[in-house]
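Take a look at the structure set out below.
The values are calculated or read from the model by the stated rules, or taken from the named source; none is laboratory data. Owing to the predicted nature of the structure, the values given are computational and were not obtained by experimental measurement. Reconstructed Cβ throughout: ideal geometry from the backbone, glycine too, with neighbour counts over all protein chains shown. The area values use the complete protein model at the heavy-atom level, side chains included, leaving out ligands, DNA and RNA. Shrake-Rupley method; radii C 1.70, N 1.55, O 1.52, S 1.80 Å.
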Amino acid sequence: MRIFVNDKPLELLSYEELDAKKSYESIYRQPDELLNQVSWNDDILFHEPSHDLVIKLLYVLRTRKLKNLDSITLVTNDKAALKKFVKSRFMIIKAAGGVVTNKKKKVLLIYRLGKWDFPKGKFEKGETPEQCAVREVEEECAIKVKSKKHLYNTWHTYTQNRKSILKKTFWYEMECLDDKEMTPQKEEGIDDIRWFYETDAKIALVNSYPSMRYLFKQFIKNRPKVQIL
């Protein structure tokens with residue numbers, strides 16, 4: 001589970017999932033390490049963090065600008081319990097969206113609040129994640145799409161009305177069926193919509209959120225490999 005807190009990735013892993021080849025700038029093995037002794041640089045690993053340490057870590061991530069920090073990883077023998085505790089610190093909101101491609105293999109991006117993004121929105125009552133994703137993409141972009149498969153789920157946090165929100169977004173790979181009437185949904189703060197070739201999409205997403213760049217990497221990673229005969 002990867003949660004983006006203030007645009008910094010917080011990874012929750014079991015020991016089976018921990019990549020032995022990955023190196024960390026700092027490794028802490030005591031469950032109650034004093035955070036004033038932590039060097040907030042590059043990638044940091046905490047073994048078996050206590051609940052108290054998790055609370056303090058979340059506070060630091062939400063309130064400080066850690067420019068030199070790349071990621072924090074929490075590794076534990078009981079990942080389910082750790083996930084449950086982390087989620088208990090937030091109000092959970094669910095949304096869904098799509099990574100849409102057309103016949104030319106271009107990718108659809110929307111420009112909202114000064115950043116390039118993928119279309120998405122919150123659930124309506126009774127909707128499945130896939131139904132929500134299709135409806136939101138079609139409403140925000142005025143196009144017709146077909147959902148192909150579930151791609152990935154992203155998690156990110158924000159504060160609204162003094163409440164700490166953890167937003168889970170279900171993402172689907174989609175095919176565009178008709179974009180003749182494509183228009184940005186202005187009332188949702190969308191100023192522009194464009195089709196990008198993959199290389200150009202990567203460049204555009206430099207001006208985006210880390211969670212969206214990570215999502216696009218998952219999209220590229222999960223595409224069927226082309227066989228050369």
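Table for the structure above
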read-out: Surface per residue (accessible, 1.4 Å probe) for the stretch 17-139, Å²; value: 56 Å²
read-out: Ordering of 105-113, 92-100 by burial proxy (mean other Cβ atoms within 10 Å per residue, highest first); value: 92-100, 105-113
read-out: For the stretch 98-147 and the stretch 172-213, distance of Cα centres in Å; value: 8 Å
read-out: Heavy-atom accessible surface of the stretch 37-182: percent carbon and sulfur, 1.4 Å; value: 46 percent
read-out: Those GluC sites (Glu not before Pro) in the stretch 110-185 that DSSP places in a loop and that have at most 10 other beta carbons within 10 Å; value: 124, 181
read-out: Inter-label distance, nm, simple model (7 Å from Cα along the C-beta direction), residue 122/residue 37; value: 4.3 nm
read-out: Reach of residue 84 by Cα under 15 Å, taken over aspartates and glutamates that are not fewer than 8 positions away in the same chain; value: 11, 48, 52
read-out: Helix-only mean residue ellipticity at 222 nm for the chain, each DSSP H run of n ≥ 4 adding -39500 (n - 2.57), per residue, nearest 500; value: -7500 deg cm²/dmol
read-out: With Cα atoms, 0 to 90° folded angle of helix 51-63 axis to the chain main axis; value: 50 degrees
read-out: Label-point separation in nm, residue 158 to residue 198, each point 7 Å along Cα→Cβ; value: 3.0 nm
read-out: Choice from 209, 59, 152 showing the highest fluctuation, given a GNM over the chain with Cα pairs closer than 10 Å; value: 59
read-out: Distance in nm between pseudo-label sites at residue 81 and residue 63 (7 Å out along the Cβ direction from Cα); value: 2.7 nm
read-out: Mean Cα-pair separation over length for the chain, i.e. relative contact order, pairs under 8 Å, 6 or more apart, %; value: 21 percent
read-out: Length added when fully stretched, residue 165-residue 105, from 0.36 nm per residue minus Cα-Cα; value: 18.1 nm
read-out: P(r) tail fraction, the chain - alpha-carbon pairs more than 28 Å apart, %; value: 37 percent
read-out: Size of electric dipole in the stretch 95-229: Cβ of Lys, Arg +1 and of Asp, Glu -1, about Cα centre, debye, nearest 20; value: 640 debye
read-out: Entries in 65/120; 87/115; 79/106; 180/202; 22/125 that, when Cα-Cα distance is taken, lie over 32 Å; value: 79/106; 22/125
read-out: Size of charge dipole - the chain - debye, nearest 20, with Cβ of Lys, Arg +1 and Asp, Glu -1, no other charges; value: 140 debye
read-out: Gain upon complete extension [residue 7, residue 178; 0.36 nm per residue less C-alpha separation]; value: 58.2 nm
read-out: Whether the stretch 99-152 is rounded, prolate or oblate, judged on the alpha carbon gyration tensor where a/c under 1.5 counts as rounded; value: oblate
read-out: Furthest towards positive pole of dipole, 101, 63, 216, structure part the chain, Cβ charges; value: 101
